[in-house]
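For reference, the structure is listed below as structure tokens.
The values are calculated or read from the model by the stated rules, or taken from the named source; none is laboratory data. Predicted model, so just to flag it, every value in this text is computed and none were measured. So basically every Cβ, Gly included, is an ideal-geometry build from the backbone, and we count neighbours across all protein chains shown.
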Amino acid sequence: MLMTISLLMENKPGALMRVTGLLSQRGYNIESLTVARTLDPTLSRMTITVDVDAKQRAQVIKQMNKPVNVLQATDLTDAPAVLREMVLLRVRATMENRTAILKEAEIFGARVVDSSVEGFALEATGDSEKLEEFIAVMETYGEIEVTRSGMVAVSLEAKKLRLAPPIPKAHGEPAVPR
Amino acid sequence: MSNTMNGARILLECLGREGVDVIFGYPGGVTLPLYDVMYDHPIRHVLVRHEENACFAASGYARATGKVGVACATSGPGATNLTTGLVDCMMDSIPIVALTGQVSSKLIGSDAFQEADTFGITRSATKHNYLVRDIKELADTVHEAFHIASSGRPGPVLIDITKDVLQGQVHYTPIHEIHLPGYKVVTDGHAGQIRRAAQMMWEARRPYVYAGGGIIAAGAHQELRELVETLDAPTVCTLMGLGALPGSHPNFISMPGMHGSYASNMGMSDCDLLIALGVRFDDRVTGRLASFAPHAKVVHVDIDPAEIGKNRTADLPIVGDAKKVLSKMVRVLRELEPEMAGAHAEDRRAWWRQVRGWQEEHPLEPVFSPDEIKPQHLMHEINRISDGKAIVSTDVGQHQMWAAQFIRFDEPRLWLSSGGLGSMGFGLPAAVGAQMAHPDKTVFCVVGDGGFQMALPEVATLANQGLPVKVIIMNNGYLGMVRQWQDLFYQSRLSAVQIEAFPNIELLAAAYGIRGRIVDKPSELAGALKEAMETPGPFLLDVHVTPFENVYPMVPAGAAINEMVLAPPKPVPVPAK
């Protein structure tokens, strides 16, 4: 099943590598992954969709919480959350079907971001199912080219972020020179 | 002394403040600034002969002391050579900090001489790793690394440091606080869960304690003993947990698993409550997971939440530090004892009778022959000399299993063995680390003729440092464990397992300027071991044992652990080759 994880992480070099490396190391297949800075520029938010056995979900979250730089990993699969994906799609349009394409785009709430004699570039957001339908419909008009953003998600619950307090270092004396 | 110093000196300053007294390492181009500072620094440096062994030696030091071991290597090949040792520490939860040099910041990414992506390569080989490109981050990083390595579930941490950081100058002020907001370790254990666990323990008719390396890592051996005695439960210690309960303790059964004793495995299979403490339900312990402890409810205590429910669902999970959790658990057990202990007293006596019955039915007994030294005989002799007190490091394979079966450990941190990764070549460098930590203790390095040759360069380190390690080579002329599987599961088609051209150990020892002896007669074994013990300094004892002897009991791959093969199915054929 597809599982959606929201992950808050310190924005340090190698952060993305740690997450993708851990996922592949544990044999979890990444369906999509998005990452960007948060309001706090020292942190990154990732939304990760993985294809795992339903029984493994708790274990996946435990594993994702393990890296030292991860502040919080949350399973949004069944949680109250808004999940969205964006698709940018180029479709070749003939003089005959231009109007039909625009009509269809409107039904899906897509915006025209470029128009030329060759055809249109369209932008649509929505959940994955809706976007898949949109792509399927556009395919019936002819050759298309598609880029998907991967899922981004926001939880609708305020989940308290628990952070570890600073750790005092009780020092021994520095080593005495010989 | 001015407080402006170079990165290399800051690094050693921080190591000193972390209590480091010895570094196991190998120098190279980019670590020159570091070795220059080491020249007259009080922290000792032990020059190993291969970087992999720097990690293993640091690991041996850490296993024998509980302190963080430190390994050091140069960039490129130095760093890549560390990886086996890092993964070994990762699998066995051993705290080490590995320091590697990296090419100068400006050169990173240019495929410079001896450049390797150490940070990327060691991501999955470490609990955490760092690349330090800014000297201002160096001191914090070192203290963070030690904290991460030694707290929670211990593990290896690597710090890759660029040459410009090592030689750059900066004003140094000691660090008094580190910040790791995402690093949350639960140590206390949920009080309600601990109470419920204690109730389950008194309610059980056939309780069984399954204790592992987590007890040793947490220093919870005393608490384990109190728990076991309060509950009077039979107890097995895993390969990583040997010594967690004294081997001479009446409640100690043996090691469970693939080469565990009959009683250990039968107990696991028949208990109604499995009290799993600092263990991870490794496949070498559980055999076929679906048939493992089928009648048991499971209480699982571990500091790593990801271990709980990973392989076996826990009926009662407790996340926490074993020392803290067990000490509370013992208190609750005692509190409940007057009211609850009597309920199943008769069933519990019957349970003990059954466990004792299994022990008598198929005991782990050494095998002797008048003509040949049996491997079990060798381990029996080492056990007699050690008397539960010596440090024993091993390699991986048949000798490791026989050593685990026949050598008793009455304290934790005596048994040093590569458990999870199963790295051959571990034993000798681990013994170097342990002997450096405990100069006055007897350290046996029990290895096979295969693994000994993997770590052969470290004989020079023994000689060089004058370390009185007693290297006992169980020499059967084969890579015995692989041969055992070829015997049993590949129709004795022995492929690439015969080790020919083993060096004459007496000449080899002499070449290194140390003492060595070959022994092949059972009647001379005790005398040879005595000579090894009485000889000051290192000793190489090459013990020629029966070539065709296999380790039993054995749980074949994919079988349940109560489906043991107890003896050779047929006389082991001697192949015509």
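What to note about this one:
- Among the residues making up the stretch B:357-377, those that are over 16 Å from B:Gln405 (Cβ atoms) and without any contact (Cβ under 8 Å) to a residue 60 or more places away in the chain are B:Gly357, B:Glu360.
- Hits in the stretch B:384-441 (condition: hydroxyl-bearing (Ser, Thr, Tyr) and more than 26 Å from B:Ala263 (Cα to Cα)): B:Ser423
- Answer from A:Thr47, A:Thr34, A:Thr74 - the residue that is buried (at least 17 other Cβ atoms within 10 Å of the Cβ), touching a Gly at 6+ places or on another chain (Cβ under 9 Å) and not assigned by TED's automatic domain parsing to the domain that holds A:Val137: A:Thr47
- B:Val209 being part of a strand (DSSP E or B) and more than 14 Å from every other protein chain (Cβ to nearest Cβ): yes
- Condition met for B:Thr100 (within 14 Å of chain A (Cβ to nearest Cβ) and either among the polar types (S, T, N, Q) or surrounded by fewer than 24 Cβ atoms within 10 Å (Cβ to Cβ) (or both)): no
- Residue count for the stretch A:136-163, restricted to those that are surrounded by 13 or more Cβ atoms within 10 Å (Cβ to Cβ), in contact with a strand residue (DSSP E or B) (Cβ under 6 Å, 6 or more places away or on another chain) and farther than 22 Å from A:Thr74 by Cα: 6.
- Qualifying residue in the stretch B:389-397 (condition: part of a helix (DSSP H, G or I) and over 13 Å from B:Val446 (Cα atoms)): no
- Yes/no for A:Ile167 being surrounded by 14 or more Cβ atoms within 10 Å (Cβ to Cβ) and within 14 Å of another protein chain (Cβ to nearest Cβ): yes
- For the residues B:Ile178, B:Ile108, B:Ile148, the requirement of being surrounded by fewer than 23 Cβ atoms within 10 Å (Cβ to Cβ) and in contact with a His (Cβ under 6 Å, 6 or more places away or on another chain) singles out B:Ile178.
- Taken together, the residues in the stretch B:410-430 that are in a loop (DSSP other than H, G, I, E, B) and touching a residue at least 40 places away in the same chain (Cβ under 8 Å) amount to 13.
- One residue stands out in the stretch B:353-384 among those that are surrounded by 16 or more Cβ atoms within 10 Å (Cβ to Cβ) and in contact with a Ser or Thr (Cβ under 8 Å, 6 or more places away or on another chain): the one that is nearest to B:Val446 (Cα to Cα), namely B:Pro375.
- Residue within the stretch B:358-375 that is under 20 Å from B:Thr235 (Cβ atoms) and touching a Leu at 6+ places or on another chain (Cβ under 7 Å) present: yes
Every residue, every condition in (1) more than 14 Å from every other protein chain (Cβ to nearest Cβ); (2) in a loop (DSSP other than H, G, I, E, B); (3) at pLDDT 90 or above, yes or no:
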residue: A:Leu131; (1), (2), (3): yes, no, yes
residue: A:Gly150; (1), (2), (3): yes, yes, yes
residue: A:Ala153; (1), (2), (3): yes, no, yes
residue: A:Pro177; (1), (2), (3): no, yes, no
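- Residue in the stretch B:414-425 that is more than 21 Å from B:Cys237 (Cα to Cα), assigned by TED's automatic domain parsing to the domain that holds B:Gln400 and not polar (S, T, N, Q) present: yes
- Selection of the stretch B:372-399 for residues being under 17 Å from the mean Cα position of the chain (by Cα) and more than 21 Å from B:Pro246 (Cβ to Cβ) yields B:Asp395, B:Val396, B:Gly397, B:Gln398, B:His399.
Conditions tested, residue by residue: (1) within 17 Å of B:Ile215 (Cα to Cα); (2) among the charged types (D, E, K, R); (3) not assigned by TED's automatic domain parsing to the domain that holds B:Glu226.
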site	(1), (2), (3)
B:Pro246	yes, no, no
B:Gly260	no, no, no
B:Ser264	no, no, no
B:Gly267	no, no, no
B:Ile275	yes, no, no
B:Asp283	no, yes, no
B:Phe292	no, no, no
B:Ala322	yes, no, no
B:Ser327	yes, no, no
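- Residues (more than 13 Å from chain B (Cβ to nearest Cβ), assigned to a loop (DSSP other than H, G, I, E, B) and within 19 Å of A:Gly21 (Cβ to Cβ)) located in the stretch A:38-80: A:Val52
- Verdict on B:Ala314 being under 29 Å from B:Gly287 (Cα atoms), at pLDDT 95 or above, within 14 Å of chain A (Cβ to nearest Cβ) and in a helix (DSSP H, G or I): no
- Filter pass, B:Val20 being in a loop (DSSP other than H, G, I, E, B) and within 14 Å of chain A (Cβ to nearest Cβ): yes
- Selection count, the stretch B:318-327, where residues are touching a His at 6+ places or on another chain (Cβ under 7 Å) and surrounded by fewer than 19 Cβ atoms within 10 Å (Cβ to Cβ): 0
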